[in-house]
Amino acid sequence: MEIPKRDRLTLEMMGKKGEGKKSAEDKKKRHWAIQLIRWGFLTLLILGIVGSVAGGIGGYFLYQQMSRDLPKIHSLRDYRPSIVSSVYSDDGTKIGEFYKERRIVIPLTEMPLHLMNAFVAAEDSRFREHVGIDPVGIFRAFVKNLQAGAIVQGGSTITQQVTKSFLLTPERTYERKIKEAILAWRIEQNFSKDEILYLYLNQIYLGHGAYGVEAAAENYFGKHAKDMNLAECSILAGLPQAPSRYSPFRFPDRAHARQKYVLTRMVEEGYITLDQEQKALEMTLDIRPRKNWFIDSVPCYTEHVRRYALEAYGEDALYHQGLKIYTAVDITLQKIARKAVERGLRDLDKRQGYRGPMAHLDPSRIKAEIEKGAKALNPLPLEKDEIYDGVVTAVSDKKKEASVNVGGHQGTIALKDIKWARKPNIKVGPGVVAIRKVSSVLNVGDLIPVRVVALPGASGAGSTNKKSLKKRSKDGGNGGEGLFTFSLEQTPEVEGALLSIEAETGYVKAMIGGRDYLNSQFNRAIQSRRQPGSAFKPIVFASAIDRGYTSASMIIDSPIVYDDSSDTLWKPNNYSEKFYGPTLLRHALAKSRNVVTIKIVQDIGIDAVISYARRLGITSPMGRNLSVSLGASGLSLLELVNAYSVFTNRGYLVTPVFITRIVDRDGNILERSDLRRQKVIGEDTAYIMTSMMESVVQSGTGWRIKALKRPVAGKTGTTNNLHDALFLGFTPEYTTGVWVGFDHERSLGRGESGSRAASPIWLEYMQGALEGKPVRTFDVPPGIVFAKVDADTGLLPSSASKKILLECFKEGTVPTQSTPTEEEIITAEDLFKSDI
């Protein structure tokens, strides 16, 4: 059989050995060898074709099987992930957030190019070329990880990560990986690369509760993503692989190493230059833990808003659907209120006495405690007016001072700054017990809170500048400039609340629910129901004015005894435990006369008073007995403030407004607050009550408020056994209420009335709130007339009058009788008869 030419060529390639002509047997062997090669090649070819066909058929059926239950990718078109609901103040500043996943969705146009390139370079450099899965990338990641001896690159593409995040469960099985590849390919067929990148950068988890690049930019850098520089972008791009491991907060060195990897990849991919990489690596970043909006700004206000929104719109809307809640709160007024409450409660707490150090340290522990404090402070300097924990290191009665160390910063407390520190005794008022020795209060080793009164080297009350602060910090505290001046402090046990409403609008501009929200989330301005005491009297007196009394009506302040139908005699008394005889209604309110108030309620009826309170917006249950006249029924501070606002609003009850509007994630307005006003009393009655409450400030129990030096009306409130102290007052701009007391009722201490314990807080707040604003007066409405009356009788003046007042009246209610002269024959009954 003739050997074909191609076989001859094959034989030539195989080569010939030896010389001369081959035997027939050799030729035969060679022939069969060639045939075996040929048939072997053909067999492998056929098997390959058959295997490919079978594999293709098997792959097809596998694809069909895996595709059967795959989720539909069209859901990605309507990308509506769980996003943050935000709360804003009256000027649009964010003050709170509610969420389960902290995500803020932004378009690619609000992301810097460096940010997108950093993620692509670090996570999927062939993102723009592949079709969803990238074998080249998988192989390269394998090699890189092998070289590094650790996982520094992932094999999944960005598209696969989108698939895992949106469409699949996190289980790790071969079946899920196949589904992931199929879905990634489908996504690539139906979405542009930019659309995929948009989904990825908004969805990805980047640590510390942040989902998406915008939330992460706020988390780590306190700025929007669009404002980030290259260094910051590369920090974020290093996080997806292990957000906890590379946290810039917890592990800055690891984060920096990962940042270097990201920047190197950007250089390799041509996104940045070596010079840009170097500058980014050398840049100092201001990375600090994310501000807790809920706690740091107006927590009790945002918590009140949260409760309302949760009840009105449900959990899903509040925590997942990105509501925008705009409130009436004024952050500046809120800060003023917080400071006023804090100062007022600390002053009251000091008047109650010194409860002793937080702890007493053995000499062996003093150094360790100082080092612990230094570590906590480092590298921050001490700041004036701030409170820190310090250790008493020396006590000298001769020098009249104690030495205190605060984290390595040495200072002194003078005797004059501990004179308040008597032993607590509610029966003894402040200033009675004199502190003459430092050693009677402090001992070496006492751990105590101290306030920085003056900085080292400061003249006067501790002036300060940034250079000296930095110098002191470097030098370990004092910078060679001397000692700090401290005062002794203690954490108050007493609580307080403040609520302030803008008069014309009803907007709640400030609300303090307690001294420290971190310590207690109970909102004492709204949730608490405490006895208002004498702060309820204006409601009683307004009811009387509407039933024929005038501010010049005369009532006898004299002892009375009531049988309360339970075989118990009630003998009400005035706060001073004295009786004052004939008393004008105006004077009775100014001096807060209990007996006069009870007699009024006895005259007009309990039901009339309760009904009147309801008209003024009070909804809490009220007891049907004469003690209601003295504020014995528990009310919220909000109810009282709202009721008082009727007087400054000329008889209109204005609904308090916390939320001005709520908008959904698509910009639709869900609700908007409209001014809701209801005329509940006459404007003439409102004005007369305002005028009478001005007397409370000018000549009565609210005398401390005169320091405001503006037209102001108000009323103090003090309950039995000094358990509660209040001051409610208003100007034409704001109606504000302050409450002070213990959560578990007990005495505030001797003399701690509403005038002493609450009105200073009210005053400090209103001074700050009205600073720089023009002085306004209370407008006189139609129907009000003025007439001179005798201050002792409430009748028209005569030659016998010793003191004359200019009094306001409703038209037709001016007294018609004159004060009798000595020549006129009168009886006591005629003299003290109310002209009604």
Checklist entry - In the stretch 619-641, is there at least one residue being of a type outside the set (S, T, N, Q), touching a strand residue (DSSP E or B) at 6+ places or on another chain (Cβ under 8 Å) and under 28 Å from LEU805 (Cα atoms)? => result no
Item to check | Breaking point among (1) open to solvent by 10 Å² or more (accessible area, probe 1.4 Å); (2) part of a loop (DSSP other than H, G, I, E, B); (3) under 30 Å from LYS427 (Cα atoms), for PRO782 | outcome: (3)
Item to check | helices (runs of 4 or more DSSP H) wholly inside the stretch 123-199 containing at least 1 residues that are acidic (Asp, Glu), within 30 Å of ILE106 (Cβ to Cβ) and modelled with pLDDT of 85 or more | outcome: 174-190
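Yes or no, residue by residue, for (1) at pLDDT 95 or above; (2) polar (S, T, N, Q); (3) not in a loop (DSSP other than H, G, I, E, B):
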| site | (1), (2), (3) |
| --- | --- |
| LYS467 | no, no, yes |
| ARG472 | no, no, yes |
| ILE501 | yes, no, yes |
| GLU504 | no, no, no |
| LYS509 | yes, no, yes |
Item to check | Any pair with Cβ under 9 angstrom, 6 or more apart, that starts in the stretch 802-817 at a residue that is surrounded by fewer than 19 Cβ atoms within 10 Å (Cβ to Cβ) and ends at one that is assigned to a loop (DSSP other than H, G, I, E, B) and of a type in the set (A, V, I, L, M) | outcome: LYS802/ALA791; LYS803/ALA791; ILE804/ALA791; VAL814/ALA552; THR816/LEU795; GLN817/LEU795
Next on the checklist: Residues to consider are LYS427, LYS423, LYS416; find the one that is out of contact with any helix residue (DSSP H, G or I) (no Cβ under 8 Å at 6 or more places or on another chain), surrounded by fewer than 20 Cβ atoms within 10 Å (Cβ to Cβ) and under 18 Å from VAL452 (Cβ atoms).
Outcome noted: LYS416
Checklist entry - Restricting the search to the stretch 185-226, which residues are charged (D, E, K, R) and within 22 Å of TYR99 (Cβ to Cβ)? => result GLU214, GLU218, LYS223, LYS226
Checklist entry - Hey, among the residues in the stretch 674-703 that are of a type in the set (D, E, K, R) and in a strand (DSSP E or B), which one's surrounded by the most Cβ atoms within 10 Å (Cβ to Cβ)? => result ARG677
Next on the checklist: Given the options LYS706, LYS715, name the one that is within 27 Å of ALA787 (Cβ to Cβ), in contact (Cβ under 8 Å) with a residue 60 or more places away in the chain and either open to solvent by 50 Å² or more (accessible area, probe 1.4 Å) or part of a strand (DSSP E or B) (or both).
Outcome noted: LYS715
Checklist entry - Within the stretch 628-648, is there a residue that is touching an Asp or Glu at 6+ places or on another chain (Cβ under 6 Å), more than 30 Å from GLY96 (Cα to Cα) and open to solvent by less than 10 Å² (accessible area, probe 1.4 Å)? => result no
Item to check | Filtered residue count, the stretch 215-246, keeping only those that are open to solvent by less than 50 Å² (accessible area, probe 1.4 Å), under 25 Å from the mean Cα position of the chain (by Cα) and over 18 Å from VAL120 (Cβ atoms) | outcome: 5
Checklist entry - Identify, please: which residue in the stretch 569-591 is under 22 Å from ASP607 (Cα atoms) and not aliphatic (A, V, I, L, M) and is, among those, least open to solvent (accessible area, probe 1.4 Å)? => result PRO572
Item to check | So ASP362, is it over 30 Å from SER759 (Cα atoms) and out of contact with any helix residue (DSSP H, G or I) (no Cβ under 6 Å at 6 or more places or on another chain) | outcome: yes
Next on the checklist: Please verify whether GLU671 is open to solvent by 20 Å² or more (accessible area, probe 1.4 Å) and assigned to a strand (DSSP E or B), treating the condition exactly as stated.
Outcome noted: yes
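Per-residue answers, yes or no, for (1) in a loop (DSSP other than H, G, I, E, B); (2) β-branched (Val, Ile, Thr); (3) modelled with pLDDT of 50 or more; (4) open to solvent by 60 Å² or more (accessible area, probe 1.4 Å):
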{"site": "VAL444", "(1), (2), (3), (4)": "yes, yes, yes, yes"}
{"site": "LEU447", "(1), (2), (3), (4)": "no, no, yes, no"}
{"site": "VAL452", "(1), (2), (3), (4)": "no, yes, yes, no"}
{"site": "GLY482", "(1), (2), (3), (4)": "yes, no, yes, no"}
{"site": "GLN490", "(1), (2), (3), (4)": "yes, no, yes, no"}
Checklist outcome for this item: Of the residues in the stretch 516-533, those that are among the charged types (D, E, K, R) and within 15 Å of ALA632 (Cα to Cα) come to ARG529, ARG530
Checklist outcome for this item: Pairing a residue in the stretch 236-255 that is within 23 Å of GLN161 (Cα to Cα) with any residue that is open to solvent by 30 Å² or more (accessible area, probe 1.4 Å) and among the aromatic types (Phe, Trp, Tyr), where Cβ atoms lie under 6 Å and the two sit 6 or more apart in sequence or on different chains, gives GLY238/TYR246; LEU239/TYR246; ALA255/TYR246
Checklist entry - Which of (1) in a helix (DSSP H, G or I); (2) touching a residue at least 60 places away in the same chain (Cβ under 8 Å); (3) out of contact with any Leu (no Cβ under 6 Å at 6 or more places or on another chain) does ALA758 not meet, given it meets every other one? => result (3)
Item to check | Residue that is most open to solvent (accessible area, probe 1.4 Å) [pool: residues in the stretch 544-568 that are among the aliphatic types (A, V, I, L, M) and in a loop (DSSP other than H, G, I, E, B)] | outcome: VAL561
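The values are calculated or read from the model by the stated rules, or taken from the named source; none is laboratory data. Everything numeric here is computed off the predicted structure, so don't read it as measured data. As a convention, Cβ positions derive from the backbone with ideal geometry for all residues, glycine included, and neighbour counts pool all protein chains shown. All accessible areas refer to the heavy atoms of the entire protein, side chains included, with ligands and DNA or RNA removed. Shrake-Rupley method; radii C 1.70, N 1.55, O 1.52, S 1.80 Å.
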